[in-house]
Amino acid sequence: NVTGVQTCALPISEELYILFDIDYKTKPDILGDAQYLPIHNDSIITVLCLSGLEHIKNPSCVINEIYRVLRKDGVAFIYVPFMFFRHDKLDYHRFTEEGLKLLLKDFKIKNTTKSNNGFFSTMILWFLPVTCYLFHPLREVIQRVLQIPWIITQKIDIGKDRFYSGTLVEVQKKR
């Protein structure tokens, strides 16, 4: 079984980017497995890996590959969901902020941002996809109705330090 992650890598020119994906439907520049990036060592300035590591059986392989292809002082932006519904049959992991930092131990961590939603807001995030799936014809109505409690809970919610939907980490290659 080949596994992959959608990764966008920015090489020497900031105007040029390479879309790497295992899914041919996204029309990537390079089709392949992110655990074995067909990219030269130390050749990429910036890597974006957004909502992909949870789909990899062994995410440390992808992290090692990102480290390998990044130039010295190259930067990677990595986002992983935490409190999010199972959205694919190849959906293996959820990472806490601490777990993600442990996975990125070889990098210098420059910035970490959690999407702190709080308890009630997170429950709405969980409720919305399930409801929209079950009541597909009413999807737009449900989304609009849930916007009101979403806005209110963002202001008054509890547990914002413990309930979050994901983490974005900016890391830099050390060597």
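What follows draws every value from the coordinates through simple rules; no lab data is involved. Not measured: the values here are computed from a predicted model. Backbone-built Cβ (ideal geometry, glycine too); neighbour counts: all protein chains shown.
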Tell me the label-point distance for the pair E170, K101, using the 7 Å Cα-to-Cβ offset, in nm and rounded to one decimal.
1.7
Kindly rank 64-70, 17-23, 35-41 from highest to lowest mean number of other beta carbons found within 10 Å of each residue.
64-70, 17-23, 35-41
Computed ³J(HN,Hα) along region 66-75: with the Karplus parameters 6.51/-1.76/1.60, θ = phi - 60°, integer Hz and x for glycine or proline, the list is 4, 4, 4, 7, 6, 5, 4, 6, x, 10
Can you tell me how much longer the chain between K27 and I45 gets when fully stretched, taken as 0.36 nm per residue apart minus their C-alpha distance, in nm with one decimal?
4.3 nm
Difference of contour (0.36 nm per residue) and Cα-Cα distance, R71 to I109:
12.1 nm
